[in-house]
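The next block holds one structure in the form of structure tokens; read it before the comments.
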There are 2 protein chains.
Amino acid sequence: MNIALDAMGGDFAPRAIVEGAVLALENESSEGATITLIGRENEIKSVLDDLNCAHDKFNIVHADDVIEMGEHPTKAISQKPNSSIAVGYGLLKMGKADVFCSCGNTGAMLVGAMFTVKAVEGVIRPGIAGFFPKEIGRYGIILDVGANADCKPDVLGQFADMGSIYYENIFGVKNPKIGLLNLGEEESKGTLLTQAAHQLLKLNKNINFVGNVEGRDLFGDKVDVVICDGFTGNVVLKLGESIWDSMSPRGFVDDFVKMFNYASVGGSPILGINGNVIIGHGVSTPEAVKNQINLAVKTAQSGVSEKIKEFYNS
Amino acid sequence: MNIALDAMGGDFAPRAIVEGAVLALENESSEGATITLIGRENEIKSVLDDLNCAHDKFNIVHADDVIEMGEHPTKAISQKPNSSIAVGYGLLKMGKADVFCSCGNTGAMLVGAMFTVKAVEGVIRPGIAGFFPKEIGRYGIILDVGANADCKPDVLGQFADMGSIYYENIFGVKNPKIGLLNLGEEESKGTLLTQAAHQLLKLNKNINFVGNVEGRDLFGDKVDVVICDGFTGNVVLKLGESIWDSMSPRGFVDDFVKMFNYASVGGSPILGINGNVIIGHGVSTPEAVKNQINLAVKTAQSGVSEKIKEFYNS
């Protein structure tokens, strides 16, 4: 298992990223995994020295450039072939990495995926899946959370296929419950998009469609995989993260509330591309990076991106 | 101040509604207010007897029919002129009530408003404003929360005008901060709708536009009035309510968390119609109904519906 990690991505890079990688190596779930740190070699080595960590615990692949958070994704990917993100995707494409992780510019991560490993044939638009806590102690996933602000019904239909495959393979839950996020339970409710998507999902025999779900249904056990456009999903994901930010300073913390902390999961997979990619939060701490790497290992081990490819091409 | 209250609306009507009205009468904020209970006279009186409350503490206006929660709004309003909702709107239109409250069928409440008191001239689409807690101890409002699932940019532009007027008059906050709910801070981010709405809001000199806000910004003090389509607003409102449902059984309760309880506010005003209308939750308890009546009193006293009318017609 080879994990490519963008050492330069995120607000606290390279320090927080390299520190997270060191934590991940100590973690038994990453046993046998090799981590390749991508970025400015001298900066990476200097952090490793600071952490008293031998350089040879990692592969280090030098990349001169960094795509900054505010840069225009398409421009940046084209104009910075030596950026850590572009180099990371190069490794993924060549099969030198099983999974690529970055906490850098999300847009550039998406564009990079489309330019290198590309969307799975048959997938209209790849989506990003976010995690939200369920009171039963397991995460649910919601997609899309931002790759596609505006969506067509057939795109939501595919999110359901891909979300179902991802959930089953990551959480070992057969026939996970797929719900369409909507403002009412009745199938006639909602926007033109959700009304049309509801009909597609109802006819989809590959998924266990439980119908419309509402904002109040996420934390219960009515649904495992919530389908929505990337705009709504992004609002929900960030609102969820802010629950942790509001509750933890009050001391209102238990196992359920801890799951709202973005760092507990550490990242979001892109589904529907030819490869495993996990996008981390820009503010990622070492703990978050460690968990992002854990998720990356799980995602790559499950072979989920190949399974999605098989689903659309068999 | 005359408050018309649909005694038959909601899952626990008439009992919970009448009980809430009795609680409201004991409340000093409703002092001098007259409450008219609308519905089946014998059922209302029987609840009052149960509560050992004299009938003459209320006006009772008999209405034979009830619009059920699952009924088609437009059909129901047309076919049930003697329903409690239709009769309530009649009182509001004739000026016999200053405000009308119901916990009944939301769709019928909207259709009833459009058929009787009607939208304010110049308002493209009335909207419903929901409340969300801010950590500074005050509520923010978000609109629309469900009257208009699909919105055009100019409709969002008017939600900003109306939300600003409502917030200023209800909370006494001059130039409240208006934010556009979006998936990123940059103005180029978002859906076609939010990109276009952003430009309209930026040019609007009647409001204090603070730019895009994200799902994580609601509970802080970056924004007082959040503008979005009714689909997204509905998801956010219900997600917010479920935070109370998740936190309270854990004992994670303080003044901030209590504000997530829908019953603490008790209702949502329809903005942009010729009259004051507060829609309550279908599951409303007596406590929720009491708070709905308090909000109704505040809303009617503030003269906010007249002020919105003046805004568009002066």
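The values are calculated or read from the model by the stated rules, or taken from the named source; none is laboratory data. Given the structure is predicted, the values throughout are model-derived calculations rather than measurements. Every residue, glycine as well, gets a Cβ built from its backbone with ideal geometry; the counts of neighbours run over all protein chains shown. Keep in mind that these areas ignore ligands, DNA and RNA; they rest on the heavy atoms of the full protein, side chains included. Shrake-Rupley method; radii C 1.70, N 1.55, O 1.52, S 1.80 Å.
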Subset of segment A:276-298 that is surrounded by 24 or more Cβ atoms within 10 Å (Cβ to Cβ) and under 26 Å from A:Arg125 (Cβ atoms) - its residue that is farthest from the chain's Cα centre (by Cα): A:Ser284
Among (1) open to solvent by 30 Å² or more (accessible area, probe 1.4 Å); (2) modelled with pLDDT of 95 or more; (3) charged (D, E, K, R), the one test that A:Glu186 misses: (2)
Residue list for segment B:136-164, filter: open to solvent by 30 Å² or more (accessible area, probe 1.4 Å) and among the aliphatic types (A, V, I, L, M): B:Ile136
Hits in segment A:115-127 - residues which are open to solvent by 20 Å² or more (accessible area, probe 1.4 Å) and either within 13 Å of chain B (Cβ to nearest Cβ) or not aromatic (Phe, Trp, Tyr) (or both): A:Thr116, A:Lys118, A:Ala119, A:Glu121, A:Gly122, A:Ile124, A:Arg125
Every pair of residues 6+ apart whose Cβ atoms lie under 7 Å, when the first sits in segment A:179-204 and is in contact (Cβ under 8 Å) with a residue 24 or more places away in the chain while the second is surrounded by fewer than 16 Cβ atoms within 10 Å (Cβ to Cβ): A:Leu200/A:Asp154
B:Leu193 at pLDDT 95 or above and in contact with a Cys (Cβ under 7 Å, 6 or more places away or on another chain): yes
Within segment B:22-34, tally of residues that are open to solvent by less than 60 Å² (accessible area, probe 1.4 Å) and part of a loop (DSSP other than H, G, I, E, B): 2
Unmet requirement for B:Lys290, which otherwise passes all of (1) touching a Leu at 6+ places or on another chain (Cβ under 9 Å); (2) within 14 Å of another protein chain (Cβ to nearest Cβ): (2)
Qualifying positions in segment A:35-55 - surrounded by fewer than 20 Cβ atoms within 10 Å (Cβ to Cβ) and either at pLDDT below 95 or among the aliphatic types (A, V, I, L, M) (or both): A:Leu51, A:Ala54
Every residue from segment B:213-226 that is closer than 14 Å to A:Phe231 by Cα and either in a helix (DSSP H, G or I) or more than 7 Å from every other protein chain (Cβ to nearest Cβ) (or both): B:Val213, B:Gly215, B:Arg216
Any hit, segment A:150-158, residues being within 20 Å of A:Ser302 (Cβ to Cβ), touching a helix residue (DSSP H, G or I) at 6+ places or on another chain (Cβ under 9 Å) and in contact (Cβ under 8 Å) with a residue 12 or more places away in the chain: yes
Enumeration of residues in segment B:56-79 that are open to solvent by 60 Å² or more (accessible area, probe 1.4 Å) and either within 21 Å of B:Gln301 (Cβ to Cβ) or touching a Leu at 6+ places or on another chain (Cβ under 8 Å) (or both): B:Lys57, B:Asn59
Odd one out for A:Leu239 among (1) more than 7 Å from every other protein chain (Cβ to nearest Cβ); (2) within 23 Å of A:Thr285 (Cβ to Cβ): (1)
Residues of segment A:182-239 satisfying the condition of being touching a His at 6+ places or on another chain (Cβ under 9 Å) and within 17 Å of B:Lys238 (Cβ to Cβ): A:Asn182, A:Lys189, A:Gly190, A:Gly211, A:Asn212
Residue ID - farthest from B:Trp244 (Cα to Cα), chosen from residues in segment A:274-314 that are assigned to a strand (DSSP E or B) and in contact with a Ser or Thr (Cβ under 7 Å, 6 or more places away or on another chain): A:Asn276
Extreme residue, least open to solvent (accessible area, probe 1.4 Å), among residues of segment A:234-258 that are touching a helix residue (DSSP H, G or I) at 6+ places or on another chain (Cβ under 8 Å) and assigned to a loop (DSSP other than H, G, I, E, B): A:Phe252
Residue within segment B:151-169 that is modelled with pLDDT of 95 or more, over 28 Å from B:Gly266 (Cβ atoms) and either part of a loop (DSSP other than H, G, I, E, B) or within 14 Å of another protein chain (Cβ to nearest Cβ) (or both) present: yes
Residue, farthest from the chain's Cα centre (by Cα), within segment B:299-309, restricted to residues that are among the β-branched types (Val, Ile, Thr) and within 10 Å of B:Ile165 (Cα to Cα): B:Ile308
Residues of segment A:93-136 that turn out to be in contact with a Phe, Trp or Tyr (Cβ under 8 Å, 6 or more places away or on another chain) and outside any loop (DSSP other than H, G, I, E, B), as a count: 9
Residues being closer than 14 Å to A:Ile60 by Cα, open to solvent by 10 Å² or more (accessible area, probe 1.4 Å) and without any contact (Cβ under 8 Å) to a residue 60 or more places away in the chain - total across segment A:4-21: 1
Some residue of segment B:71-84 being closer than 15 Å to B:Ala13 by Cβ, at pLDDT below 95 and assigned to a loop (DSSP other than H, G, I, E, B): yes
Number of positions in segment A:258-287 that are more than 25 Å from B:Asn182 (Cβ to Cβ), out of contact with any strand residue (DSSP E or B) (no Cβ under 8 Å at 6 or more places or on another chain) and within 14 Å of chain B (Cβ to nearest Cβ): 1
Cβ pairs under 9 Å, 6+ apart, first in segment A:49-64 and assigned to a loop (DSSP other than H, G, I, E, B), second open to solvent by 40 Å² or more (accessible area, probe 1.4 Å) and of a type in the set (Gly, Ala, Ser): none
Sole exception among (1) touching an Asp or Glu at 6+ places or on another chain (Cβ under 6 Å); (2) without any contact (Cβ under 8 Å) to a residue 60 or more places away in the chain for B:Ser242, by number: (1)
Among (1) touching an Asp or Glu at 6+ places or on another chain (Cβ under 9 Å); (2) buried (at least 24 other Cβ atoms within 10 Å of the Cβ) - the single one B:Val225 does not satisfy: (1)
Count of residues meeting criterion [within 14 Å of chain B (Cβ to nearest Cβ) and out of contact with any Leu (no Cβ under 8 Å at 6 or more places or on another chain)] in segment A:170-181: 2
Selected residue [within 12 Å of chain B (Cβ to nearest Cβ) and under 26 Å from A:Gly10 (Cα atoms)] from A:Gly190, A:Gly112, A:Gly184, A:Gly130: A:Gly130
Selection count, segment B:193-212, where residues are of a type in the set (A, V, I, L, M), surrounded by fewer than 23 Cβ atoms within 10 Å (Cβ to Cβ) and within 14 Å of chain A (Cβ to nearest Cβ): 2
